[in-house]
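Step one of this worksheet: look at the structure below.
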Amino acid sequence: MADIHLLAGAMGIASWRARALMQEYAKTVELRGSALRMHRGRVMTGRPAPWALSELGVTDAAMTALWRHGPEDRTYAVSSGVEAQVLGGDLAIVDAVRTVRVYQAKLVKELDLATGEYVLKSALTDVHAGHLAAPTFRWNGQLHQMQGYLALYQRALPVAHGITSPKRSAWWARTATSVNAPGLGGLYYWDMMDGARGRPSRMATARGIMAAPIPLVPAGQSVDRVPAANSWPWEYGLSNRWRGLAALASLRRARGEAAADSTPIDDDDDTTPDGPEPLVESGGLPGALDSEREDFAARLFDHLYGDRPGSLTVVFV
């Protein structure tokens, strides 16, 4: 299994982590959230909005998942100085030699169903958009290719168009947020994403982090809405297996293919090693397929890493 697969799997786990954090915050705010606010020059008690958590806090959770579950030296946090002066983003992911994906993190207040747009907590400025649109930058004295995207942190469940409908997984929702789990990027990729060459998989995604292209922002202005149709689960964009309809059609037109074809694009020519087949269906009730999943996970880790099956028992604590 190549590093790109481990990286895509780690991004999928980061999406579950981000969604879990945002859901926990929103539910806790509803139950007992409180804050000190300024009102007409006076400090008053108020209640935070369910989307009022810090983008930095969600980014820290996503970065922790990327470092923990992905390959080494492929994911980087971006300092405030580098963000403001060079890259314009919060996370940097190396997906090929000297090719870096830079993501500007934006927390979504809501999915406006009337317009089909994400409403952002903080607007994307023209300065950040300009940095993100740059084709190259220098890193450790070497020139690197750069691709800029938005990383949209959100709690809604937008339609993620592809060859199959995404399904939720209670097992992964628990495992991805476990503090005891070992590195699971490879396991996530096999179970949830590797649907190429006729292999069955659930093509599931938490949709906690949706990627989107950088919109055009006129000089001196900012953008606080992003079309949902142009977004895709960020882990599928990396593996080139699943895109939003608009991005998918654009890529197919560039290749001279039929834009309406919804079949996932597979740009990965590496042969996938034989191993345990991914599970086909998501579990219904929580815990319904835990024994089957534990057996699958143990066989997969034994195949990929040579670990003893018993080493995975910590995942299910």
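Any read-out appearing in this document is the output of simple, stated calculations on the displayed coordinates, not a laboratory observation. Fair warning: this is a prediction, and the values are worked out from it, not measured in the lab. FYI the Cβ positions are ideal-geometry reconstructions off the backbone, even for glycines, and counts take in every protein chain you see.
Brief remarks follow.
- Sorting the segments 214-226, 82-94 by their residues' average number of neighbouring beta-carbon atoms within 10 angstrom, most packed first, yields 82-94, 214-226.
- Principal semi-axes in Å for region 3-100 [√(5λ), Cα gyration tensor, largest first]: 34, 18, 7
- FRET efficiency estimate (nearest 0.05) - Cβ-Cβ, Ala84 to Glu24, R0 41 angstrom: 0.85
- Ranked by how many other beta carbons lie within 10 Å on average, peptides 103-113, 125-135 from highest: 103-113, 125-135
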